[in-house]
């Protein structure tokens with residue numbers, strides 16, 4: 001079951017533009033995504049169809065790292081480092097936070113050098129597509 005208090009908190013952080021106030025807010029978004037991934041049929045199907053990918057996210061100017069794992073029917077995340085990620089994304093908080101809020105296009109950030117990607121670029125693109133579907137699923141919360 002999706003925690004509607006958490007959903008409302010994430011929605012409020014996003015609407016007020018305060019999601020980017022603290023990198024740890026990303027963990028709230030990831031928890032909501034984890035909960036939605038169990039409930040939303042399209043997102044569940046996407047996770048079941050995906051091979052497992054593990055991403056390491058590094059916010060270079062905030063000394064903050066988190067990881068995520070998606071595929072084989074499961075989405076998970078955590079603060080800190082993961083062993084053997086399939087890709088690593090590194091950016092400053094303005095870029096990473098902007099990507100999470102939808103204000104910064106990840107492809108443009110990569111092309112400009114503001115976003116550094118190491119590892120499997122195809123996995124990074126699969127993650128981006130998964131996140132697009134996840135954002136749509138989270139936006140449906142409360143509309144049904």
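Since every read-out is calculated from the coordinates, none of them should be taken as a lab result. Model, not experiment: these values are computed from the prediction. When we count neighbours, we look across all protein chains shown, and the Cβ atoms used for this are built from the backbone with ideal geometry, even at glycine.
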Original post:
What is the Cα coordinate range of segment 1-74 on the first, second and third principal axes, sorted by size from largest, in whole angstrom?
Top reply: 34, 29, 15
Subject >> Two-site FRET efficiency, residue 39 against residue 76, from Cβ-Cβ distance with R₀ of 22 Å, rounded to 0.05 >> reply: 0.90
**OP:** May I ask for the distance between the Cα centers of segment 101-144 and segment 57-92, given as a whole number of Å?
**Re:** 13
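Please list the equivalent ellipsoid semi-axes of the chain, computed as the square roots of five times the alpha-carbon gyration tensor eigenvalues, in descending order and whole angstrom.
Each semi-axis is √(5λ); the values are 22, 19, 13 Å.
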Original post:
What is the extension gain from residue 8 to residue 48, computed as 0.36 nm multiplied by their sequence separation minus the C-alpha to C-alpha distance, in nm to one decimal?
Top reply: 11.7 nm
Original post:
Going 7 Å from the Cα of residue 62 toward and past its Cβ, which residues in segment 113-128 have a backbone nitrogen under 16 Å from where you end up?
Top reply: 115-116
